[in-house]
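Have a look at the structure below, then the notes.
The values are calculated or read from the model by the stated rules, or taken from the named source; none is laboratory data. Since this is a predicted model, take the numbers as computed values, not measurements. With ideal geometry, Cβ positions are generated from the backbone for all residues, glycine too; neighbour counts draw on all protein chains shown. Please note that ligands, DNA and RNA were not included when accessible areas were found on the heavy atoms of the full protein model with its side chains. Shrake-Rupley method; radii C 1.70, N 1.55, O 1.52, S 1.80 Å.
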Amino acid sequence: MSGSHIVVDYEELQRMSAVWAEAAHTMARLGLGVAELAASHELVVNAVFDPVGASRAEAAILAAAVGPAGLVALGARMATDSLLLTALVEKERLVDNFPLRQLMDVEKWCAMLPVTFAIDPRRTMVDGGRRFAALGDALPGYLSPFAEPLLAAFAPSPVFRRDVALGRPVSVDPVLGLPMRSLVASSDAHPGGVSISRYSPDWTDKPPASMAEMLDRVADLENFDGALIAVQRIVGSDGVARFLVVLPGLRHFAPSRDPQDLLGAAAAEAGTATGYTRCVRLALDAARVPSGAEVVLTGHSQGGIVAMDLAGDPSFNGGRVRVAQVIAAGSPISSKAVAPGTPTRVFNVESVNDIVTHLDVVESPTAHQSVEKLTYRFAIDEHDPGRTHDVSLYSRQLRRLADSPNPLLSRVNADLQPYLSGSVTTTVFDVRDEPAP
Amino acid sequence: MSDLDAIAQELDQRAMQVASASAQLVRAAAEALWTSTAADAFRARIDRRDVECLRLAAELRRAARTVSHYSDEVIAEKARLRRLERDAEHLVVQTAGDAAKVAHMVASWARL
């Protein structure tokens, strides 16, 4: 309940649908197995010795298996629950989420075009551009939940389609089928450079109160006019220094002099060692983070990808430092893994309507999750790709989980406690592709 | 162990599987729900399904007991039939022996 209205997250319904479907399948399988026992040879041939006992046994088995309150019937009821929920979710996705208003606006504009164009051509064209742009903004959010099957079916590159169909990390671009690594080689090669920033956020000496607040800090850095990362040193009541690394996402689509650009993001998605990851290593050295210290990496978008790249690199995770937890929001990291043998946990927050989270074209899991790799998916479509991807939307959503009953989230929160209190010092770094001259 | 006892044991195992599937359902549902609003909305339904699963597990155990009882009856009936068979065989052998004795006696009397 939020204020006077109920917030229904259709992803919750989707997850419950999956739970009912699996339980229905299990019950039906068990029911049929039990029914088979009723027809077993031994029951029938021995009936001659005790016909009444045989019929009693048959009746008892059949009632438990296929009776009106039996296993198969229970499976059928669960399957119905699952189907109803799926239908509700699909209706929401296909019908209720359809950008009808934007489409009607365009249609109205087209219908009135002969008249309005004759009166004021310039204004008509500007108005048309605005309406088409609104429709164009709304479509990615609408289509995002179907990104994986759509790309598996319609991407021009057959290699890309095969990668998607097999659920493995995509190795080529979707259009021409060129290897991703060759496309981003230039960004891979940047040595990276950091220097202490003049920016001093108001949370410099405060520990974050929650994961949502960690994302607020990412948002704060993203809102600054320059590429930044932050390293917070948190000394808890046990006297141990732990470190929180705050990694903002992409800042520019055009190539820039810092790693927080589109090429840098593509390089991070395709590989593991990029200019951005080198900047993080340099920042840890500059902040005098001791070798083997425990760190939490929190990032949004490209920052989340970089966090996973670092957590998956044995020379960093288990070498330079020990990554206790990765917290990634709005990042396509479903195909990435932490370094083998490390106890690093990953908490991934995704909006299904955020097209960015689908860029790895790997569907994130909704069931059989573990605290080691936990994905929280929700559905909020702002009908604008930028707003739907905004880190503030993710931190708002995490705040809604403050009283979450989810046991896996409770464990993640419990393990983060040492990072949520103690004395804090923060170093904010400017990051660049090249070292400072 | 008779084949019927094996069926009863199989039913007991299925009862355990149903109970474990029920526990799995409750756990999976808890892990699938993230917001308290959704959890509240689903709680009653999950509880109801859990109760239904446990009732079915109990029913399967009852069926196992019925089969077990049937197995005991069959074993007892087979034993009774075997006993009757033995008695009948004994009777036949005894009757044959008696008949031989009578024949022998008749033959002896005939010689006299």
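Local charge for B:Asp5 was computed over the other residues whose Cβ lies under 14 Å away, with Lys and Arg +1 and Asp and Glu -1, and equals -4. Spherically averaged projected area of the convex hull of Cα atoms, region A:163-256: 9.8 nm².
Fully extending the segment from A:Asp415 to A:His41, taken as 0.36 nm per residue of separation minus the present Cα-Cα distance, adds 129.0 nm. Listed by chain and number, the lysines placed with their C-alpha closer than 25 angstrom to that of A:Lys373 are A:Lys336; residues fewer than eight positions away on the same chain are left out. Highest mean first, the peptides B:93-99, A:326-332, A:386-392 sorted by other C-beta atoms within 10 Å per residue fall in the order A:326-332, A:386-392, B:93-99. Rounded to the nearest 20 debye, the dipole size of region A:100-154 about its Cα centre is 200 debye, using +1 on the Cβ of Lys and Arg and -1 on the Cβ of Asp and Glu. For region A:267-312, trypsin sites (Lys or Arg not before Pro) meeting the loop criterion (DSSP other than H, G, I, E, B) and having at most 16 other Cβ atoms within 10 Å: A:Arg288. Per-residue shielding of B:17-26, expressed as the average number of other chain Cβ atoms within 10 Å of the residue Cβ, stands at 4. Under the classification rounded if a/c is under 1.5, otherwise prolate if a/b is larger than b/c and oblate if not, where does region A:331-437 fall, given a ≥ b ≥ c as square roots of the Cα gyration tensor eigenvalues? Rounded, since a/c falls under 1.5. A dipole drawn for the protein assembly as shown from +1 and -1 charges on Cβ atoms has a positive end, and of A:Ala367, A:Val218, A:Gly330 the residue lying farthest that way is A:Ala367. Computed with the Debye formula from one identical point scatterer per Cα of the protein assembly as shown, without solvent, the log10 of I(q)/I(0) at q = 0.06 Å⁻¹ comes to -0.45.
Charging the Cβ of each Asp and Glu at -1 and of each Lys and Arg at +1, and nothing else, the dipole of chain A about its Cα centre rounds to 480 debye. Straight distance only, please: which lysines reach the Cα of A:Lys108 with their own Cα at less than 26 Å, same-chain residues fewer than 8 apart left out? Correct list for A:Lys108: A:Lys91. Adding -39500 (n - 2.57) for every DSSP H run of four residues or longer, then dividing by how many residues the protein assembly as shown holds, sets the calculated 222 nm ellipticity at -19000 deg cm²/dmol. Across peptide A:370-378, the mean count of Cβ atoms from other chains lying within 10 Å of each residue's own Cβ comes to 1.
Take the protein assembly as shown with all the other protein chains still there, run a 1.4 Å probe, and you get 48 Å² of accessible area per residue.
Region A:321-374 and region A:193-249 have their alpha-carbon centroids 21 Å apart.
Take each residue of peptide A:331-343, count the partner chain Cβ atoms within 10 Å of its Cβ, and average: the result is 0. The share of alpha-carbon pairs in region A:10-96 lying farther apart than 19 Å comes to 52%. Rounded to the nearest 5, the antiparallel percentage of DSSP beta bridges internal to the protein assembly as shown is 45%. At each listed q (0.12, 0.14, 0.17 Å⁻¹), what is the log10 of I(q)/I(0) that the Debye formula gives for chain B modelled as equal alpha-carbon point scatterers? The computed values of log10 I(q)/I(0) come out as -0.68, -0.77, -0.89.
Normalised by 2.2 N^0.38 Å, with N the number of residues, the alpha-carbon radius of gyration of region A:189-432 equals 0.91.
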